[in-house]
1. Rounded, prolate or oblate: which fits the stretch 4-176 when a ≥ b ≥ c are the square roots of the eigenvalues of the alpha-carbon gyration tensor, with rounded for a/c under 1.5 and prolate only if a/b beats b/c?
2. How would you rank 169-175, 132-138, 202-208, highest first, on the average number of other Cβ atoms within 10 Å across their residues?
3. Could you give each residue of the stretch 123-129 its phi-based ³J(HN,Hα) in whole Hz, using Karplus coefficients 6.51, -1.76, 1.60 with θ = phi - 60°, and x for Gly or Pro?
4. Count the net charge of all other residues whose Cβ sits under 12 Å from the Cβ of I33, scoring Lys and Arg as +1 and Asp and Glu as -1.
5. Tabulate in residue order the Karplus-calculated ³J(HN,Hα) for the stretch 97-113, using 6.51 cos²θ - 1.76 cosθ + 1.60 with θ = phi - 60°, rounded to whole Hz; enter x for Gly and Pro.
6. Starting with the highest mean, order 275-281, 29-35, 121-127 by the number of other Cβ atoms within 10 Å, averaged over the residues of each peptide.
7. Using all Cα-Cα distances in the stretch 148-257, what percent lands in each 5 angstrom bin from 0 up to the longest?
8. Give the lysines reachable from K222 as a straight Cα distance under 30 Å; neighbours fewer than 8 places away on the same chain don't count.
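The values are calculated or read from the model by the stated rules, or taken from the named source; none is laboratory data. Note that the structure is predicted; figures quoted are calculated from it, not measured. As a convention, Cβ positions derive from the backbone with ideal geometry for all residues, glycine included, and neighbour counts pool all protein chains shown. Areas reflect the complete protein model, heavy atoms only, side chains present, ligands, DNA and RNA absent. Shrake-Rupley method; radii C 1.70, N 1.55, O 1.52, S 1.80 Å.
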Amino acid sequence: MPIYSRILGTGSYLPPKTVRNDELAAQLALEGIETSDTWIVERTGIRERHFAAAGTGSVDLGEQAARAALQAAAVDPAQIDLVVVATSTPDMIFPSDAALLQARLGCPGGPAFDVQAVCAGFVYALSVADQFVRAGSVRNALVVGTEVFSQILDFSDRTTCVLFGDGAGAVVLGPSQEPGILASALHADGRQAGILRTPGCIRGGAVSGRPFLEMDGQAVFKQAVHVLESVAREVLEKGGRRASEVDWLVPHQANIRIMLHTARKLGIPPERVVQTVASHGNTSAASIPLALDSAVRGGQIRRGQTLLLEAVGGGLTWGASLLVY
Ligand code: UT7
């Protein structure tokens, strides 16, 4: 039985259309909604985001990211025994994005399912896949985070619509005798469901409840800074590493202030924090694999380095993963 699962390759995909803060502000101004590039940059660090074209779904974005990860890993789709997709914006209620993606890629008939843990979704999905690989029940796993949050944004709510973007990221995991994923820590507190949610659902053939993202930003901010530090410390302890041994913190890209605050608390300098929030915005479950792939392809993250991944999202859900890349 393998001792570890290890990332064999990473990939990502961003839809081509970018919207800069000033462009979004100009669009919102037409509806009488006031915002500015200065406010968005100062409060979040976001400068632009990508929006998928009408008709492009999370499976489309996920497929591009998955193909790039498979190529980087030199693994054929026929060798993928497990597909796990983290998303809160699936193409359909069912089948899952994972089943649709499995068919598109031509992977054989192993398990395929979605994990719904909102912005913590990728860390959840990675931990699930890691456990399948370490148990020896599958050999290679494809783990994808993919979102079209533009589809659930209320563009009359300036407190949320400026924050999110679309995109996808993916990794291929395989068995290894050398260290790979060292430890994971996952948590949820459903009592806090109300501070970040998209409450709408389908009832009797119609949408029931608001199908738009709602957030109490300050409440989420307070929780985020608390739980991200504690889960990072927990996973370091589980994995037997000190924060000073972490080469790269790869945080969920929601807000630069939260990312750098967590890093400071852990004693990790800002230059060891992968930062893509400025150009991606918050892409929910896609944000960590997008950041990871951009740092791998940019030559920042190298083989043998120790990475700490951490995220918090609706649920409330949060988690972290410590790994050797
Ligand atoms: O991905 C899942 C995890 N999500 C997060 O981690 C998000 C956590 N929360 C945050 O990142 C921050 O709370 C926000 C970026 C959402 C908001 O930043 P903030 O510093 O907490 O601002 P605030 O909500 O306290 O709002 C400050 C002011 C308010 O005006 P008043 O009441 O002071 O007059 C808002 O109405 O900014 C106003 N405001 C805006 N002004 C211009 C809110 N949104 C905007 C906007 N443009 N887009």
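1. prolate
2. 169-175, 132-138, 202-208
3. Computed from phi, the couplings for the stretch 123-129 are 5, 4, 4, 5, 5, 4, 5 Hz.
4. With Lys, Arg at +1 and Asp, Glu at -1, the neighbours total -3.
5. For the stretch 97-113, the Karplus curve yields 4, 4, 5, 5, 5, 4, 5, 4, 7, x, 6, x, x, x, x, 9, 7 Hz.
6. Highest-to-lowest ranking by the protection proxy: 121-127, 275-281, 29-35.
7. The calculated distribution, bin by bin, is 2, 8, 14, 16, 18, 15, 12, 8, 5, 2, 1.
8. Correct list for K222: K238, K265.
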